[in-house]
Amino acid sequence: MENSMNKCFYVLLFVAVLCQSCMPTQLLFKNVPGLSDFKNFPTHTLPKAKEPFQFEFIGFNELPPVEEWLTDDLAGQFSGTEDFLKKTATTSFMVVQNDTVVYENYFNGYLMDKPAVVFSVTKSIVTTLLAQAIADGDIESLQEPAYKYIPELAGDGKEAITLEHLVHMTSGLDFADEEDLLKLGKAYWTKDVNAFSTKVKLAYEPGTQFKYKSVDTQLLSMCIAKATGKPLSEYLGEKIWQPLGMEYDSYFTLDRPGGAERAFGGLAMCTRDLAKIARLFLNEGYWGEEQLIPQQYVQGLGDRDVAKQGWWGYKFGWWMDSYIDRNLSEIRDYYATGYKGQYIYVNPEENIIIIRQGKKRDGVKWAAVMSKLAQTMGEKTQSVPRFTVEDFNGRYQAEDGSILKVKYNEETGNWVVTNTQQKMYWQSFVKDCPMSLENKKRNQRILFCSEQKQIAGLHLDVYPNKATYYTKVSTEVGSMSEQ
């Protein structure tokens, strides 16, 4: 009852705040973005290529049985691939291996020639243009200050923001998509998204904290447009759309007629063309014999640098927290993702691309599912050692001397983790992947590390902060209530 009352209160508060805003109609009655939003906004059309590229097809092909690649939380719920995809609100699912389509299907009213907004997958495509602008010489380097292209940023501490900060979401601006839906809604519906983005104030020193925020990509798009002297859509069409041989018209939504593109989430595309973006990255920036984006930009995407400042799982607009079944340093896949579960998944080890579009995520950990599917289909992924409960149990110590205790509770099936020096008492974790535990409520994960087929340590991953490494010092846990 208390939770229900709180929900009612916050809904009423939300409506009241919106009624005081300058755009109440849009936010009150259109506040839920949809796959067909390109029909409701002004758009710039990205025309299909004169010479479309088409993948090789081998005809209809069955994927491996779902019980081999669905995550443990989904086990036993679906009779097969199509049953799984239909019931999870998927609209399209495509798997390409070795440049050949091995599976492609459409569901819930969508067809191969029906575009849909891919939301934040747009970010991963826009950041590609930054690499292209640097390769073309229009931008000197990632270290250039953003105010060089956006004069409004030359003050109030924002002059320290560089292009590198924008592309890695470490600008320090007072904006976080996951924490302030009202701000995000205003960004989506505003009639001047560029002006809105430049007015966001600085909250902390640039380069010190990762916060996932759409305004960073919007500001980055302004820098790219200024540096190249071309509207973002025009530059995208010239450098990516036409060279990749896109099969269908795509659409970039604008904030107003003749206005700016929603660079953080406004592209509407078809599935096969999303797969071409993935192919460009799978081939390390090459399209045939032509190098479209710098090879060094792509090669570093799969590297998981847990020791870096800030969170390890996001780089150049792409995510890296997929299916963790071995040491992070040994995993190379990465993905782009957007609201409602839009995905471009790239696995260089297995030469596999997976595209998923849908009406909602439906509680599925899609990155883990796609990663596990790629491994199931693959031939090159090395077999990894499997560990027992006893292998993970133990005492782990960080450089500062703090002790982390990990112990499996046979009665509940959960893991109890304590760290008295950091006041982390009796937290309950559940198995996330073969080499990770998760506490969703606190946005915390434990990522185990192995050496010579033994558990050697773990990273305490507290999203969105830097992970802390703990070396395993004992298999004996002792009392969980004492240090």
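Of all residues in region 296-314, at least one satisfies being of a type in the set (K, R) and out of contact with any helix residue (DSSP H, G or I) (no Cβ under 9 Å at 6 or more places or on another chain). Residues of region 202-222 that are under 21 Å from A260 (Cα atoms) and not hydroxyl-bearing (S, T, Y): K213, V215, D216, Q218, L219, L220, M222. Across region 444-467, not a single residue is classified as surrounded by 15 or more Cβ atoms within 10 Å (Cβ to Cβ), in a strand (DSSP E or B), in contact with a Phe, Trp or Tyr (Cβ under 8 Å, 6 or more places away or on another chain) and without any contact (Cβ under 8 Å) to a residue 12 or more places away in the chain. Only one entry of K158, K123, K86 meets the criterion of being modelled with pLDDT of 95 or more, touching a Phe, Trp or Tyr at 6+ places or on another chain (Cβ under 9 Å) and either polar (S, T, N, Q) or surrounded by fewer than 20 Cβ atoms within 10 Å (Cβ to Cβ) (or both), and that entry is K86.
Quick grid of which residues meet (1) assigned to a loop (DSSP other than H, G, I, E, B); (2) surrounded by 21 or more Cβ atoms within 10 Å (Cβ to Cβ):
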{"site": "P257", "(1), (2)": "yes, no"}
{"site": "A263", "(1), (2)": "yes, yes"}
{"site": "E284", "(1), (2)": "yes, no"}
{"site": "R332", "(1), (2)": "yes, no"}
{"site": "Q357", "(1), (2)": "no, yes"}
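Filtering region 157-210 to residues that are closer than 17 Å to V121 by Cα, in contact with a strand residue (DSSP E or B) (Cβ under 9 Å, 6 or more places away or on another chain) and in a loop (DSSP other than H, G, I, E, B) leaves H168, M169.
Against the test of being buried (at least 24 other Cβ atoms within 10 Å of the Cβ), assigned by TED's automatic domain parsing to the domain that holds S171, touching a Lys or Arg at 6+ places or on another chain (Cβ under 8 Å) and within 23 Å of L153 (Cα to Cα), the options V193, V215 yield a single qualifying residue, V193. Condition check: of a type in the set (V, I, T) and assigned to a loop (DSSP other than H, G, I, E, B). Does I324 satisfy that? In short, yes. Looking only at residues in region 246-292 that are in contact with an Asp or Glu (Cβ under 7 Å, 6 or more places away or on another chain) and among the hydrophobic types (A, V, I, L, M, F, W, C), the one that is nearest to S197 (Cα to Cα) is L254.
The residues listed here are L267, L244; of these, the one that is aliphatic (A, V, I, L, M) and crowded, with 21+ Cβ neighbours inside 10 Å is L267. Taken over region 426-437, the residue count meeting the criterion of being buried (at least 19 other Cβ atoms within 10 Å of the Cβ) and in a strand (DSSP E or B) is 5. So is K114 in a loop (DSSP other than H, G, I, E, B) and of a type in the set (K, R) or not? Against the criterion (in a loop (DSSP other than H, G, I, E, B) and of a type in the set (K, R)), K114 qualifies. Of the conditions (1) farther than 22 Å from Q342 by Cα; (2) at pLDDT below 95; (3) of a type in the set (G, A, S); (4) in the same structural domain as G363 (by TED's automatic domain parsing), G185 clears all except one; give me its number. With respect to (1) farther than 22 Å from Q342 by Cα; (2) at pLDDT below 95; (3) of a type in the set (G, A, S); (4) in the same structural domain as G363 (by TED's automatic domain parsing), G185 is out only on (1). In this structure, Y106 qualifies as outside the structural domain of L232 (by TED's automatic domain parsing) and within 29 Å of L292 (Cβ to Cβ).
Considering only residues in region 44-73 that are acidic (D, E) and surrounded by fewer than 11 Cβ atoms within 10 Å (Cβ to Cβ), the one that is farthest from D249 (Cα to Cα) turns out to be E62.
Listed here are the residues, each with its yes/no results for (1) closer than 23 Å to M112 by Cβ; (2) in contact with a helix residue (DSSP H, G or I) (Cβ under 6 Å, 6 or more places away or on another chain); (3) at pLDDT 85 or above; (4) assigned to a helix (DSSP H, G or I).
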residue: L12; (1), (2), (3), (4): no, no, no, yes
residue: T25; (1), (2), (3), (4): no, no, no, yes
residue: F38; (1), (2), (3), (4): yes, no, yes, yes
residue: T45; (1), (2), (3), (4): yes, no, yes, no
residue: K50; (1), (2), (3), (4): yes, no, yes, no
residue: F60; (1), (2), (3), (4): yes, no, no, no
residue: E67; (1), (2), (3), (4): no, no, yes, yes
residue: F78; (1), (2), (3), (4): no, yes, yes, no
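The values are calculated or read from the model by the stated rules, or taken from the named source; none is laboratory data. Not measured: the values here are computed from a predicted model. When we count neighbours, we look across all protein chains shown, and the Cβ atoms used for this are built from the backbone with ideal geometry, even at glycine.
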